[in-house]
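Written out below as structure tokens is the structure these notes cover.
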Amino acid sequence: MTGERDAPVSGRSRRVNIMPAKDLGLVTEGWDYVPGQVSVRRVRGTDNRIKIQMRVDLGVLQMEARGRPDGHHPYGHESLLEYHLARVAAYRQMNGTDLGFSLDQKECREIREETFQYYQRYLANFVLEDFEAVARDTKRNLRALDLCVTYAVEDEDRYGLEVYRPYIVMMHSQSMALLAMRQSAYRTALTHVEVGLQAIRTFFKRMGQGKVFRHSGEAQVLRTLRREIRRHLPVDPIRDLRKQLRQAITEERYEEAARLRDELDAILLDPQVRLEEQGQTRE
């Protein structure tokens, strides 16, 4: 049943229709908002699909579990990112190059807004410990940053999202490492962390802020995770890896040898490990 209410407009009043709607109080009942705490849950929607809900101060933010979080399909694509990537591909096919392709301010603003949707969802999924979903959405957002850096016309659009790159890299590396740890693949987990640290280091150097890396909050998170992973590794993982590498080369298992060499290089990227190695060599 529709009701009406007088509402003041410029000193006068007008009739406002009150539409019959579901009170959000029924949704939030028993689920209080706690400032500073990310509170999320999964629910099954009326369409029988899983949704993710995040409690916010004025109610609930609801997102689709897959695809674009708001459920929209801009221009018939899964997301604006996929739409613009398809435009780049079509332009390149027609012209033989992507030189001349660009994104205007409106397009970049819409990409930023969409990226924030995915941020909300991967944050929620991290709390839910769905690290596979976190890895998927963070990888997707890094592609959005790359798109803007490459094709935005204005500098403010080109670098508007770049400030978030260390955080997104950290979340991606963390989720990949945690997935590997679930499988007890600790060396693989360590590789993901080292790759993330290197990407963050490279970002700060590229921005002319190389010294910031040492005190970066994102780098600190990954260093903490690295220490945790190393507690699960053999006492001397370097010696063990070198032994496996020699055996793989002797037996001509070259793909396995390449993987082992990458893992060894990832460990040796750590300055502390290099110092320890040098000390052992001198001894």
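Summary of values
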item	result
Number of the condition not met by S184 [criteria: (1) at positive phi; (2) in contact with a strand residue (DSSP E or B) (Cβ under 6 Å, 6 or more places away or on another chain)]	(2)
Matching option when the condition is hydrophobic (A, V, I, L, M, F, W, C), closer than 19 Å to Y122 by Cα and touching a His at 6+ places or on another chain (Cβ under 7 Å), among M171, M176	M176
Residue list for region 148-167, restricted to those being aliphatic (A, V, I, L, M) and touching a helix residue (DSSP H, G or I) at 6+ places or on another chain (Cβ under 6 Å)	V149, A152, L161
Any hit, region 71-90, residues being in contact with a Pro (Cβ under 6 Å, 6 or more places away or on another chain), free of Cβ contacts under 8 Å to residues at least 40 places away in the same chain and not hydroxyl-bearing (S, T, Y)	yes
Residue in region 119-134 that is polar (S, T, N, Q), in contact with a strand residue (DSSP E or B) (Cβ under 7 Å, 6 or more places away or on another chain) and surrounded by fewer than 21 Cβ atoms within 10 Å (Cβ to Cβ) present	yes
Residue under evaluation A248, criteria (1) modelled with pLDDT under 90; (2) under 21 Å from M176 (Cα atoms); (3) in a helix (DSSP H, G or I), criterion not met	(2)
Flag if L80 is crowded, with 16+ Cβ neighbours inside 10 Å and more than 30 Å from A189 (Cα to Cα)	yes
Elements of type helices (runs of 4 or more DSSP H) in region 156-239, at least 1 residues being modelled with pLDDT under 95	186-206, 217-230
Failed criterion for P20 (all others in (1) surrounded by fewer than 11 Cβ atoms within 10 Å (Cβ to Cβ); (2) modelled with pLDDT of 85 or more hold)	(2)
Members of region 33-69 that are of a type in the set (D, E, K, R) and within 21 Å of the chain's Cα centre (by Cα)	R41, R42, K51, R55, E64, R66, R68
Yes/no for Y151 being surrounded by 15 or more Cβ atoms within 10 Å (Cβ to Cβ), free of Cβ contacts under 8 Å to residues at least 12 places away in the same chain and farther than 23 Å from A65 by Cα	no
Count - residues of region 190-205 that are aliphatic (A, V, I, L, M) and under 16 Å from L142 (Cβ atoms)	4
Residues of region 137-155 that turn out to be of a type in the set (V, I, T) and not in a helix (DSSP H, G or I), as a count	1
Matching entry among S39, S10 (being surrounded by 14 or more Cβ atoms within 10 Å (Cβ to Cβ), of a type in the set (G, A, S) and at pLDDT below 95)	S39
Lone qualifier among A124, A144, A86, A152 - being farther than 22 Å from V163 by Cα and among the small types (G, A, S)	A86
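The values are calculated or read from the model by the stated rules, or taken from the named source; none is laboratory data. Not measured: the values here are computed from a predicted model. As a convention, Cβ positions derive from the backbone with ideal geometry for all residues, glycine included, and neighbour counts pool all protein chains shown.
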